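The values are calculated or read from the model by the stated rules, or taken from the named source; none is laboratory data. Worth saying up front: this structure is predicted, and the values here are computed from it rather than measured. Cβ coordinates were reconstructed from backbone atoms using ideal geometry, including for glycine residues, and neighbour counts include every protein chain displayed. Quick note on the areas: whole protein, heavy atoms, side chains included, nothing else; ligands and nucleic acids left out. Shrake-Rupley method; radii C 1.70, N 1.55, O 1.52, S 1.80 Å.
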Amino acid sequence: MAGRQYRCLVEFGFALSLLASASTIAPAKAMNLKNAQIEPLQFSALNGWIDDDHAAAFGAFLKSCGAIRHGTKAMRKARPIYGGLYNACEKALTLAGAGNVDTGAARKFFEDNFKPVRVLPPMHTYGYYTGADGFYTGYYEPEVVGSRVKTDEFNVPLYGVPAKVAGKKSKVFSQYDRVDIVKGALEGKGLEICWVKSPVDAFFAQIQGSIRVKLDDGQLLRLNYIASNGKPYTPVGRVLIDQGVFTPQEMSMDRIREYMEANPEKGKALREKNRSYVFFTKTTLGPHDEPNGAQGIPVTPGRSIAVDPKIHVYGTPIWIDAKFPLKSAAPEDSFQRLMVAQDTGSAIRGPARADIYFGRGPEVPSIAGRIKQFGKFVMLVPKDVAVKDTVEASAKSADKSVPIPAPRPKGIVADALPAVRR
């Protein structure tokens, strides 16, 4: 959900230029994505493409169109991809208005209006995980029980922000870090939204950026991220690996939770290493509604991803082809699916970096917490946005100067463990 403070990863820069269609008299300003190669593909080269549920992907894309259609002409000119998505959305809305869009019609829509381009980032390391392809993690919406008032059982607060700054500032109480707040720096300010049983639950709610709290009176509170204290995020999973508690292969959110619950004092000390603290706001979402992503529209389980908004435009379809540990701890399950970029996080950085939204449910936290795999990252570029080769660009006319970057630079090391979100 918007503003979530994800796993702390180094911020990569990227240089892939995509220019508006050459049919315009004056080409639009180029969109820059640094230090990544691209490889134009055909849809026939996407393993599993024919077998995907494109109607589900089309439904997620239509949600993005509701936001994209509010974009101004200046926005479309400044970001060619945005302009291309705007045009594709017009066609999508026309198609949807004519009646039910089945999987075949949806697949034809994507094939008629987009072209697949594989994004190849530099060789890089996410904590203990190194590769030269797209890198994926998962997130979800936690569910806990809680109380509107503090009791002996429910004594861990989830804080909101002062009304005068709600929605206006993304950083509040920057004078305090996690230790200060846990020790009571905000007590007496009336900012407690509700109380939960476990500091571990509160910590993981902050990692995910949203939470469902079933109150002791039967009502349901839906909370979303609204701000943080702006302090740096330390991935506690990496701390445990550095200490030799778990191997990189063993690490998952379940492992972290088990460690904290089995070792209360060590778990408290571990959480305190993460100085960042997250604040929430109450929403009007119903029990069956999904939380909003950074694009301002509800995210869709299994179809929405969080991306780097400095590189990607919200609403961009992304094809994922990877092996994930969905049924067990072994990454043996094929995940070949068309997703839509609809969310972000402060540590989701890079041209081929995505966090997959898995929704909610008893098994979902374990599944999302196991995801830390590399795989193909294929961006669907609107057909009216040109992609040109650097060699062509330097040898031919200016309307072809949309470069594919030079070969991948040497690896860049990121300070993170992808198994922990904040």
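Take region 32-162 with all the other protein chains still there, run a 1.4 Å probe, and you get 44 Å² of accessible area per residue.
Rounded to a whole number, what % of the accessible area of region 147-259 do carbon and sulfur atoms account for, probe 1.4 Å?
Values: 2350 of 5190 Å².
C and S fraction of accessible area: 45 percent.
Report, in debye and to the nearest 20, how large the dipole of region 193-244 comes out about its Cα centre when Lys and Arg carry +1 and Asp and Glu carry -1 on their Cβ.
On the way: 6 positive and 4 negative charges, 24 e Å.
It works out to roughly 120 debye.
Cross-link pairs exceeding 28 Å in C-alpha to C-alpha distance, out of 169/323; 189/268; 273/327; 108/376, comprise 169/323; 273/327.
For residue 254 and residue 272, the difference between the fully extended length at 0.36 nm per residue and the C-alpha to C-alpha distance is 4.6 nm.
For region 293-380, give the share of DSSP beta bridges that are antiparallel, in percent and rounded to the nearest 5; count only bridges with both residues there. Can you show the working numbers first?
Details: 15 of 18 bridges.
If I count the DSSP bridges inside region 293-380, around 85 percent turn out antiparallel.
Multiplying the residue separation of residue 78 and residue 148 by 0.36 nm and subtracting their alpha-carbon distance yields 20.5 nm. Spherically averaged projected area of the convex hull of Cα atoms, region 137-246: 8.4 nm².
Taking the empirical scaling 2.2 N^0.38 Å for compact globular proteins as reference, region 290-350 has a Cα radius of gyration ratio of 1.20.
Under Stokes-Einstein, with the Kirkwood radius over Cα pairs as Rh, the value for region 108-184 at 25 °C and 0.890 mPa s is 131 µm²/s.
Expressed as a whole percent, the accessible surface of region 301-361 that belongs to carbon and sulfur atoms is 50, based on a 1.4 Å probe. Stokes-Einstein at 4 °C, 1.567 mPa s, Kirkwood radius from Cα pairs: D for region 39-84 in µm² s⁻¹? D = 101 µm²/s.
As a test of the definition: which semi-axes, in Å, follow for region 204-308 when you take the square root of five times each eigenvalue of its alpha carbon gyration tensor? Largest first, please. Numbers along the way, then the final one.
Working: eigenvalues 157, 58, 44 Å².
Its equivalent ellipsoid spans semi-axes of 28, 17, 15 Å.
Lys/Arg Cβ at +1, Asp/Glu Cβ at -1, dipole of region 50-156 taken about the Cα centre: which of 78, 50, 138 is farthest positive-ward? Selected residue: 78.
Counting only Cβ charges, +1 for Lys and Arg and -1 for Asp and Glu, the dipole size of region 178-332 around its Cα centre is about 300 debye.
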